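Written below as structure tokens is the structure these notes are about.
Only the coordinates and a few stated rules stand behind these numbers; no lab work does. Small disclaimer: the values here were computed from a predicted structure and weren't measured. Methodologically, a virtual Cβ is constructed for each residue, glycine included, from the backbone with ideal geometry; neighbour enumeration extends over all protein chains shown.
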Amino acid sequence: MLKGEIILLHTIPFKVRKTLETAGFTSKYFSLYDEFKVFLQIHKRKANHKKVALILCLEILEILHEKQEIAIKHWSIDSSKTLI
């Protein structure tokens, strides 16, 4: 994949994270992602974007697993919002 495509794949879970934080899920769930300090910055390496996108997806899945009823309720209310 091209670096731009990897960054796009990184952007999607990043926006999901922001939505979850707005819904009240604290950044404690995203501590591993935050440690890498590879946000949506274009000048970071492609491999780093791949790694943190995967980590971010896993952390989102952890929230959805732990808080299924809350996450489902929030997503059903705000399902009209787009992530991209």
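Quick notes on this one:
- Straight-line cross-link partners of K28 among the lysines, defined as a Cα under 22 Å from its Cα and at least 8 positions apart when in the same chain: K15, K18, K37, K50, K51, K67, K73.
- R45, R17 arranged by Cβ crowding within 10 Å, fewest neighbours leading: R45, R17
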